[in-house]
Amino acid sequence: MENSLISLLEGLGLEKSSIGPMYWIIVILGIILLLLGSNFICQRIIIPIVNIVTKKTSTTWDEILLNKKTLKSTCNLIVAIIITALLPIIVDKNTALYIIVSKAIWVYIILLFIMVICSLLSSLYIISSSAEKTRNHTLQGVFQMLKIATIFIGIIIIASIVIDKDPMKLLAGLGASAAVLMLVFKDSIMGLVAGVQLSANDMLRPGDWITMPKYDADGFVIDVTLTTVKVRNWDNTISTIPPYALVSDSFQNWRGMWDSGGRRIKRSIFIDMNSIAFCSDDKRKELIEKGYLGSDKDEKIVNLTAFREWLEEWLRNHPSVNKNMIIMVRQLQPTPQGLPLELYFFFDGTNWVPYEHLQSEIFEYVFAVLPEFGLKGFQAPAGSDFSDIRRTPVNTH
């Protein structure tokens, strides 16, 4: 190419003695204009056209994939490749300067390749997170591992360029130090394996409410990475858990509760067993008049039986109780504190505040209605109770 350019300059009437300086001036100016022109075309023409085309399409994945960062890195890569192609014109291949500059440019090209691939992987992760089939899978760790692998391979290639060795030989040499690499990347490797297990078995998704007392975690999963799972607790603190701990240890995922649309209420009241008795005729008539008892009930009905049956029917008709799930009022094993009467039902919703309000409303009403059936709730004696006993006069007769 140099001889062709010299012949062209001689044909233009330039003297042979002036061809040397003129050659370099023309070559340098030509390369500068070529680089500026290619950069201008990429930055000012190609990228805007691609952005316009992607915005006009009905899909969004092309906008994410061909984002500004990826396109800019690709344009820089094209310019770097042009520089590599034009380098033999500027510098003689047999000189040390050519070798140094060539290696520097190739290192730059490899770095740009790494940037482009990492940018594409980030775009693919965003696309997978928004896709219907993959949005519920914890794929961030997989993409992070692919980025690490890309960077690692890039470093090997750069090292092979700098020291002028075959990259396959470098990789073979690194096999001897595999144990050290396993130790260094232990958490990343275990995190990748755990992430695949969590995703394949659908054990964890971003947005799940999980409970793991061992790590003081009780809240929503906000991020799942290659090495950590971040949980925002109810007090707005952040707990970090290694992904492999979620596979090797036990944790509670409340997603099933959210999906079901009902939140369980399971709480007991303790009945004073001394207040349990058969309903008298007057009490039975009173309960029938107030709507607590049906007129077809046996005259020998126990007040606790009447209360339990009425309470279960009342829960079935409550507007905030889920009618499609279990509704039950049952007795538990008697204790020294009285007879536990457990209310087992589900709130028709999952939000925390309405759930707590419903619990309070129902049990406040239950405690208030107990005396209507002649029942008493058990409560351990307080200091005021002993004071009342002390003030009560003792009848000695």
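Of the residues making up segment 192-219, those that are without any contact (Cβ under 8 Å) to a residue 24 or more places away in the chain, open to solvent by less than 70 Å² (accessible area, probe 1.4 Å) and either of a type in the set (Gly, Ala, Ser) or part of a loop (DSSP other than H, G, I, E, B) (or both) are Gly207, Gly219. Take the residues in segment 43-84 that are at pLDDT 75 or above and touching a Ser or Thr at 6+ places or on another chain (Cβ under 8 Å), then tell me which one is most open to solvent (accessible area, probe 1.4 Å). Across segment 43-84, the extreme among qualifying residues is Lys69. The criterion of at least 2 residues that are within 21 Å of Gly374 (Cβ to Cβ), aliphatic (A, V, I, L, M) and open to solvent by less than 50 Å² (accessible area, probe 1.4 Å) is met by the following strands (runs of 3 or more DSSP E) wholly inside segment 220-328: 263-271. If you go through segment 207-218 and keep only what is in contact with a Ser or Thr (Cβ under 9 Å, 6 or more places away or on another chain) and at negative phi, you end up with Met212, Lys214, Tyr215, Ala217, Asp218.
In the condition set (1) surrounded by fewer than 13 Cβ atoms within 10 Å (Cβ to Cβ); (2) over 11 Å from Ile269 (Cβ atoms); (3) of a type outside the set (Phe, Trp, Tyr), Leu332 is compliant with all but (2).
If you scan segment 293-321, which residues turn out to be of a type in the set (S, T, N, Q) and out of contact with any helix residue (DSSP H, G or I) (no Cβ under 9 Å at 6 or more places or on another chain)? Passing the criteria: Thr305, Asn317.
Criterion applied to Tyr108, Tyr98 was being under 37 Å from the mean Cα position of the chain (by Cα) and among the aromatic types (Phe, Trp, Tyr), and the one residue passing it is Tyr108. Taken over segment 280-324, the criterion of being farther than 30 Å from Asn351 by Cα and among the aliphatic types (A, V, I, L, M) is satisfied by Leu287, Ile288, Leu293, Ile301, Val302, Leu304, Ala306. Taking the criterion of being hydroxyl-bearing (Ser, Thr, Tyr), surrounded by fewer than 19 Cβ atoms within 10 Å (Cβ to Cβ) and closer than 18 Å to Val79 by Cβ, the only residue of segment 107-128 that qualifies is Tyr108.
The values are calculated or read from the model by the stated rules, or taken from the named source; none is laboratory data. For clarity, every value in this text was computed on a predicted model and none was experimentally measured. Because the Cβ atoms are built from the backbone with ideal geometry, glycine has one as well, and the counts that use them run over all protein chains shown. Side chains are part of the model used for accessible areas, which takes the heavy atoms of the whole protein and leaves out ligands, DNA and RNA. Shrake-Rupley method; radii C 1.70, N 1.55, O 1.52, S 1.80 Å.
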